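Only the coordinates and a few stated rules stand behind these numbers; no lab work does. Bear in mind the structure is a predicted one, so any value in this text is a computation, not a measurement. As a convention, Cβ positions derive from the backbone with ideal geometry for all residues, glycine included, and neighbour counts pool all protein chains shown.
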Amino acid sequence: MLTNNAEAREEYRNIWVVAEVLAGEIQKVTYELLGAARGLAEARGSEVWCVVLGNQISSQVDALFHGGADVALVVDDPSFMNFVDEDQATVLTRLIRTHKPEVVLCGATTRGRALIPRVAVDANCGLTADCTGLSIDPENGDLLQTRPAFGGNILATIRCSNHRPQMATVRPRVMNELPVDTSRTGRVITGKLEADEAGGLKQILKVFQDSENSVNLADARFIIAGGRGLKGADGFKMLKDLAERVHGAVGASRAAVDSGWVPYYHQVGQTGQTVQATVYFACGISGQIQHLVGMQSCDFIIAIDRNPDTPLMQLADVAVVGDLFEIIPQLIKEISRT
Amino acid sequence: MRIVVCVKQVPGTHDAKIDPETKRIIREGIKVVINPFDTYAIEAAVQIKEEIGGEVIVLSMGPSRAITVLREGITVGADRGILLSDRAFGGSDTWATSYALSRAIETIGDVDLVICGKQAIDGDTAQVGPGIAAHLSWPQATYVMDIADINSGSLTARRMHEDGWDLCAVKLPAVITVVKDINQPRVPTLKGRLAAEKQEIPIWKAADIGADPERLGLNGSPTRVVKTNPPQGRMKKSVVLDGPVEQSVRRLVQELRQRSLV
Ligand SMILES: Cc1cc2nc3c(=O)[nH]c(=O)nc-3n(C[C@H](O)[C@H](O)[C@H](O)COP(=O)(O)OP(=O)(O)OC[C@H]3O[C@@H](n4cnc5c(N)ncnc54)[C@H](O)[C@@H]3O)c2cc1C
């Protein structure tokens, strides 16, 4: 909503987190956002609200309080079992109009990124995607939103002074959860889906959860990625073996994906996923710019290559020079031994 | 079936530069390409046309040189192109951009389907597709990896998620955004190139799409870029392990253990 004077802005209070609910479970990114919201609410002297649109989620509400929420605004409806973005956007927009939050945060997941832009248009407010930093401007209370642009070549700070709420998405693993505090409690506000809010524009016919290839790369803490140097599907088998032993997710370069050794949703980079793992372990990936932009903001980078001069070996915190077909089996052996 | 494909001209990745005044990306004088995701959107539209008939229109908002991305679209099978170009559009954020595109889509009229790439590689926001859908009050399907069925009234598509996919049916008109999985864009032919060279591409201004000037450009953009910085460089204290394999591996395990990963 357009709020081009301080008085109109004053009406908007509290920091909202839109919960990510997947197969009936509130996802980790929600707790990370609660952690970020807590700091913002403290700076603003306001409350953290968590909005949950889901089906049979009441048992998880306490965990939201333990994770930093003061209020859980819950709309529990069977129609939220699947992801119907149009209906969720309608409900969320109505809740925003009613309760007037100052800030709305949402996970930058495939679902969050589908839902929130609709809400931003309907609620006539600004939205900043994939923020890596959020803070409050002490002078006027605006939310300062920092995000990488151009595949991480630039960090931009964005504000949205004349509209409320200020909306932002944040990728999983960017913010930190608070330590769980089981003594915290909060208020529950129960909302409901109104008759005309199930628009009937979309029907979900089938849901497939890919358990075997379950690669939530955006969510992964440890990614083991392979490139052309793995030479084939067999090389990836070896990589998967390693990944399983260390509970890592498997990533890949486009060369490996295009060769058909591993499906597309493993691809990291400009035309794949951007990842932000604690450790990125690259095996036989040279690190062309299109790959680097997808992973260079990982905290710690390890690379194996027989060529020490590749861009990725230059970027890596630990660069292991040698033949990966010797190194990986030896690594598996060493890990299994201990 | 009338399909509009929204395409964007983006700077090549290497050349990102920032205007110190506007804090926006300088788009003059650097190499530009069609947003790679949009090539899949064009191909998806052309395949639908080939299957059930209809018309494919490529639509772009940008400076006059963005006409080249429209020609690229026509080269690979789009029937015509429209460029939105006006100073009034300058400085648009995703809200204002999706508003302008939605106005153009309404002006074209009788559109059944809008296809966008999942995101543009310069901004990486993925907000314009759903934004257009919201402005038009149409349903949407994002991250589409496969169109299972399309007829005059509805579209059935597989949406990619981090944890798998779902199959959804949306009523038309609708907006979809597509990922790379959906197809393999065709190689342009000489005939296509000639057709594209010959085409007149109309340039529409704000007045041509009946847009509210308050909702365009900087005026219509709730967000403002207040500053830009280069990202903090990595703390460089690289370790290079180039000794015997056993020794490197032992050290590697140590590094992983320090991070509680093994
Ligand atoms: C528009 C566009 C978008 C793109 N998007 C992406 C993207 O999203 N993601 C992406 O990854 N790429 C992308 N690319 C492709 C990118 O430019 C590179 O071609 C690709 O990343 C190369 O993959 P690679 O590093 O696996 O292969 P290579 O560059 O061939 O590197 C293989 C490496 O393995 C090493 N090696 C070989 N054998 C061994 C061995 N036995 N032991 C140890 N090391 C060995 C080699 O020394 C080499 O460094 C894109 C390109 C374009 C033009």
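Some observations on this one:
- The loop-placed GluC sites (Glu not before Pro) in region A:1-98, going by DSSP, that have at most 13 neighbouring Cβ atoms within 10 Å of their Cβ come out as A:GLU11.
- Angle in degrees between helix B:94-108 and the longest Cα principal axis of chain B, rounded to the nearest 10: 30
- Our summary gives region B:2-215 a relative contact order of 25 percent, counting only alpha carbon pairs under 8 angstrom and 6 or more residues apart.
- In order along region A:223-238, the phi-based Karplus estimate (6.51 cos²θ - 1.76 cosθ + 1.60, θ = phi - 60°) of 3J(HN,Hα) comes to 10, 10, 10, x, x, 4, x, 6, 6, x, 4, 5, x, 5, 4, 4 Hz; Gly and Pro are listed as x.
- Using a cutoff of 8 angstrom between alpha carbon atoms and counting only pairs six or more residues apart, the relative contact order for region A:217-337 works out to 24 percent.
- In chain B, excluding the sites themselves, the longest stretch lacking any of the GluC sites (Glu not before Pro) that are in a DSSP loop with at most 13 other Cβ atoms within 10 Å is B:29-199.
- Distance from the Cα centroid of region A:96-132 to that of region A:5-52 is 11 Å (rounded to whole angstrom).
- Projection of the Cα convex hull of region A:34-115, averaged over all directions and equal to a quarter of that hull's surface, yields 5.4 nm².
- Per-residue Cβ neighbour rank within 10 angstrom, fewest leading, A:ARG171, A:ARG337: A:ARG337, A:ARG171
- Inter-chain shielding of B:141-153 (mean C-beta neighbours from other protein chains, 10 Å cut-off): 1
- GNM on chain B, alpha-carbon springs under 10 angstrom: the most fluctuating residue among B:SER85, B:SER102, B:SER64 is B:SER64.
- Spin-label model distance (nm) - A:ASN176 vs B:GLU214, 7 Å beyond Cα toward Cβ: 4.5
- Binned Cα-Cα distance frequencies in region B:2-215 - 5 Å width, integer %: 1, 7, 15, 21, 21, 17, 11, 5, 1, 0
- Relative exposure of B:HIS135, A:HIS247, judged by other C-beta atoms within 10 Å (fewest first): A:HIS247, B:HIS135
- Principal-axis tilt of helix A:324-337 within chain A, Cα atoms, nearest 10 degrees: 70
- Rounded if a/c under 1.5, otherwise prolate or oblate - region B:126-181, Cα gyration tensor axes: oblate
- Greater than 28 Å apart at Cα, pairs in A:LYS333/B:LYS180; A:LYS231/B:LYS31; A:LYS206/B:LYS171; A:LYS28/A:LYS100; B:LYS118/B:LYS227: A:LYS333/B:LYS180; A:LYS231/B:LYS31
- Highest-MSF residue in chain A out of A:ALA72, A:ALA108, A:ALA243 [GNM, Cα springs under 10 Å]: A:ALA243
- Choice from B:ASP166, B:ASP146, B:ASP86 showing the highest fluctuation, given a GNM over chain B with Cα pairs closer than 10 Å: B:ASP166
- Taking 0.36 nm per residue of sequence separation and removing the Cα-Cα distance, the A:GLU7/A:ASP258 pair yields an extension gain of 84.8 nm.
- P(r), alpha carbons of chain A - 10 Å bins starting at zero, rounded %: 6, 24, 28, 23, 14, 5, 0
- Along chain B, longest interval not containing exposed trypsin sites (Lys or Arg not before Pro), exposed being DSSP loop plus at most 10 other Cβ atoms within 10 Å: B:32-235
- Cα radius of gyration and Dmax for the protein assembly as shown (Å): 24.0, 72
- Chain A: angle of helix A:85-99 to the longest principal axis, Cα-based, in degrees nearest 10: 40
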